[in-house]
Amino acid sequence: MSKSYHIETYGCQMNVADSELVSAMLQKAGYQETGNIEKADAIFVNTCAIREHAEDKVHSRLGFYNKIKEKKPSTIIGVLGCMAQNLKENILESKPYVDIVLGPDSYRKLPEMLNDRTAKSSHIVDTKLSRFEVYDNLFPSRAEGVNAWVSIMRGCDKFCTFCIVPFTRGRERSRSIDSIKNEVLLAVDNGFSEITLLGQNVNSYDYEGKKFHELLKEIAQIKNVKRIRYTSPHPKDMTLDVLSVMSSYDNICNYVHLPLQAGNNNVLRRMNRTYTKEEFIKLSNVIRDKLPGVGISTDIIVGFPGENEKEFYETLDVMNEVVFDSAFTFKYSSRPGTKAAEYDDHVPEKEKQRRLESVIKLQSEHTLIRNKKFINKVELVLVEKESKRSVHQWAGRTDSNKWVIFNKKSEKIGDIVPVYITSAHGITLQGKIQKIQEMELVS
Ligand code: SAH
Ligand code: SF4
Ligand code: F3S
């Protein structure tokens, strides 16, 4: 009888992609996925260490898995990913029920380890980071949906002082263009409409001298790739070449994620972000100039050690200057092992909360300003899923990455349809499907 596994994923899209790789390996080894965690022979959790809150969630899940194991002691529990890398000692000391601990570069060993595990009874740990592992020639077992995540590079060499990623994921390395192209071809054959190229520093891609814009161009030329996205780029590596390729191919989405982090030059320097406030604003203007109608989103951290009130206001200034389409906003979370964790001028929690609230409030005003510009226009929307509000409505995204809700007609998931935008509320747009003749009248 075949054995079953259950996998839960926390953290960024790179973890989602890695869980799909792990699933493929487990299935090859004769395991079958089950949604029923209580019945699974093996439970895996792919973890994230980016903020304390992310780790807390995993600790509480582990407590739950332990309860299952108490009832069914044969259950194997495996901790994968960034926390495994970072917290292996802690996990092994305080959570003896965990059987397997594997860091992000050790997944190939999983099937073999599962075999060993059933034979022996000790913990199995492998968190060695590799300078080469890119999981070439392993095709992920993808979840259903319209989007296929394709990992193009791994690791990060930027060492922003707040960030744990360079320690959990190791050195930057890129995957060959051929191997990426093969994976994209397969995803298209399997019916995926959208391809998202992934990397912690996706635009510092460099495979034997081939840069990110060259890869992007090659992917855009693959037949039947309807939409291409990529995440996350670093502002420092955002080149005119990338923008030029983006503007030349209709299937590359008109959307850039441009993480600001903070608006004051002193804070940016202490974060080791390698750009100034002025350079960032200039770059966002160049992007808007080269890619009319582009959606720009960002990441913002409030309360970095030593950030004073005046410096924080400069983050709001940059937001007012750029008017982002959307933002992921975070309170600084101290990560042991990073440089910033050693700074002794930490901002009090209450103050961080206050700053976070003002950033969120300002961003919601900006999102509405940006979204309202779409009213009375026709946008091409990829039908992604049924809307949560009604079984009669679809939810899909514009190529500038805005969610649109509209009534169903005869289209199906995966189609790209023209939608006339009627209103904007909160973070979503509402619209109605446009017939082709009507579209010509409007545009
Ligand atoms: N490589 C990407 C994203 C990294 S993680 C980039 O450079 O943009 C996603 C976001 O989490 C970061 O952009 C940052 O805003 C946030 N983040 C990272 N470390 C953090 C920390 N210690 N505390 C709070 N937010 C953090
Ligand atoms: Fe972390 Fe900075 Fe690397 Fe992004 S670029 S993963 S924020 S160290
Ligand atoms: Fe988290 Fe690791 Fe991604 S720390 S954000 S899962 S690279």
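None of the figures in this text is laboratory data; all of them are computed from the coordinates on show. This is a predicted model, so every value here is computed, not measured. Cβ sites come from the backbone with ideal geometry, for glycine too, and all protein chains shown count toward neighbours.
Its DSSP H runs of at least 4 residues, each contributing -39,500 (n - 2.57), put the calculated 222 nm mean residue ellipticity of the chain at -11500 deg cm²/dmol, to the nearest 500. Where both bridge residues fall in region 250-401, DSSP classifies roughly 35% of the beta bridges as antiparallel.
Could you name the aspartates and glutamates whose alpha carbon sits less than 16 Å from that of K72, not counting residues in the same chain fewer than 8 places away? Within the straight-line limit of under 16 Å, K72 reaches these aspartates and glutamates: E38, D41, D99.
From the alpha carbon centroid of region 274-310 to that of region 32-81 is 38 Å.
Starting from region 53-149, pick out the GluC sites (Glu not before Pro) whose DSSP state is loop and whose Cβ has at most 13 other Cβ atoms within 10 Å. Counting only loop positions with at most 13 other Cβ atoms within 10 Å, the GluC sites (Glu not before Pro) in region 53-149 are E144. Here the dipole of the chain is about 700 debye; that uses its Cα centre as origin and unit charges on the Cβ of Lys and Arg (positive) and Asp and Glu (negative). Measuring spread by the Cα atoms of region 320-443 yields a radius of gyration and Dmax of 19.6, 64 Å.
Between H346, H392, H257, the residue with the greatest mean-square fluctuation in the GNM of the chain (Cα pairs under 10 Å linked by springs) is H392. With N as its number of residues, region 5-161 has a Cα radius of gyration that, divided by 2.2 N^0.38 Å, comes to 1.00. Only the Cβ atoms of Lys and Arg (+1) and of Asp and Glu (-1) were treated as charged; on that basis the dipole of region 120-207 about its Cα centre amounts to roughly 420 debye. Near V79, once Lys and Arg are set to +1 and Asp and Glu to -1 for all other residues with Cβ below 12 Å from its Cβ, the sum equals -1.
The GluC sites (Glu not before Pro) of region 189-282 meeting both criteria, a DSSP state outside H, G, I, E and B (loop) and at most 13 other C-beta atoms within 10 angstrom of the site's C-beta, are E208. Taking a Cβ cut-off of under 14 Å around N224, the surrounding Lys, Arg, Asp and Glu residues balance to a net charge of 0, with basic ones at +1 and acidic ones at -1. Under 24 Å of direct C-alpha separation, and excluding same-chain neighbours fewer than eight residues apart, K352 reaches these lysines: K57, K277, K310, K331, K339, K361. The residues neighbouring K28, those whose beta-carbon lies less than 14 Å from its own, together hold a net charge of 0 under the Lys/Arg +1, Asp/Glu -1 convention. Straightening the chain between E321 and I222 buys 31.9 nm, computed as 0.36 nm per residue apart minus the Cα-Cα spacing. Scaled against the 2.2 N^0.38 Å expected of a compact globular protein of N residues, the Cα radius of gyration of the chain reads 1.02.
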